[in-house]
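**Student:** One structure, as structure tokens, below. Some questions next.
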Amino acid sequence: SISQILCLSNIQTDGCKMLIWDETLGFLTGALLSKASESSVIVNVHADRQMQTSAMIYFNLNEDTRSRLI
């Protein structure tokens, strides 16, 4: 189902801005960041005070890629 989310979300377009509510500890956010273009921005909405992105460390994303996450 993650492949269908990535295909249907059209994340490979240049300069897109995505809003995501991630309840998978950052798994979906990491997948979106790894497939998004260099000019894309991802805004992660969360109910807690701190964003839950503990699964993103397994994607081995560099600092430039992680800086596009707000």
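**Student:** Expressed as a rounded percentage, what relative contact order does the chain have, with Cα pairs under 8 Å and six or more residues apart? Before the final figure, lay out each step's value.
**Tutor:** Working: 93 pairs, mean separation 24.4, N = 70.
Relative contact order comes out at 35 percent.
**Student:** Once the Cβ-Cβ distance between R66 and N10 is put in as r, and R0 is 22 Å, what FRET efficiency do you end up with, to the nearest 0.05? Kindly include the intermediate steps, with their values, before the conclusion.
**Tutor:** Working: r = 22 Å, r/R0 = 0.99.
Efficiency computed from Cβ-Cβ geometry: 0.50.
**Student:** Give me D for the chain in µm² s⁻¹, whole number, from Stokes-Einstein with Rh from the Kirkwood sum over alpha-carbon pairs, 25 °C and 0.890 mPa s.
**Tutor:** Approximately 202 µm²/s, per Stokes-Einstein.
**Student:** So with the 1.4 Å probe, I'd like the accessible area per residue for the chain, rounded to whole Å².
**Tutor:** Details: 4910 Å² over 70 residues.
I get 70 Å² per residue for the chain.
**Student:** Here's something else I'd like to know. Quick one: among D48, D22, D14, which has the greatest mean-square fluctuation in a GNM of the chain with alpha-carbon springs under 10 angstrom?
**Tutor:** Between D48, D22, D14, it is D48 that shows the largest mean-square fluctuation.
**Student:** If we count every other residue with Cβ under 11 angstrom of V41's Cβ, Lys/Arg +1 and Asp/Glu -1, where does the sum land? The partial results should precede the final answer.
**Tutor:** Working: positive: K17, R68; negative: E38.
With Lys, Arg at +1 and Asp, Glu at -1, the net is +1.
**Student:** Taking 0.36 nm per residue of sequence separation and subtracting the Cα-Cα distance, how much length would be gained by fully extending the chain between M51 and I20, in nm to one decimal?
**Tutor:** On the way: separation 31, 0.36 × 31 = 11.16 nm, distance 1.16 nm.
Gain on extension, M51 to I20, equals 10.0 nm.
**Student:** Please give the calculated 222 nm ellipticity per residue for the chain, where each DSSP H segment of at least 4 residues contributes -39500 (n - 2.57) and the sum is spread over every residue; nearest 500 deg cm²/dmol? Could you put the intermediate results ahead of the total?
**Tutor:** Numbers: 3 runs with 20 residues, N = 70.
Rounded to the nearest 500, the figure is -7000 deg cm²/dmol.
**Student:** Of all the accessible heavy-atom surface of the chain, with the other protein chains kept in place and a 1.4 Å probe, what percent is carbon and sulfur?
**Tutor:** On the way: 2610 of 4910 Å².
So the carbon and sulfur contribution to the accessible surface is 53 percent.
**Student:** Assign unit charges at the C-beta atoms only (+1 for Lys and Arg, -1 for Asp and Glu), then state the dipole size of the chain relative to its Cα centre in Debye, rounded to the nearest 20. Don't skip to the answer; put the middle values down first.
**Tutor:** Values: 5 positive and 7 negative charges, 10 e Å.
Dipole about the Cα centre, nearest 20: 40 debye.
**Student:** Using a Gaussian network model of the chain whose springs link C-alpha atoms within less than 10 Å, name the residue from A47, A36, A55 with the highest mean-square fluctuation.
**Tutor:** Highest fluctuation among the options: A47.
The values are calculated or read from the model by the stated rules, or taken from the named source; none is laboratory data. Fair warning: this is a prediction, and the values are worked out from it, not measured in the lab. Please note: Cβ atoms are built from the backbone with ideal geometry, for glycine as well, and neighbour counts cover all protein chains shown. Quick note on the areas: whole protein, heavy atoms, side chains included, nothing else; ligands and nucleic acids left out. Shrake-Rupley method; radii C 1.70, N 1.55, O 1.52, S 1.80 Å.
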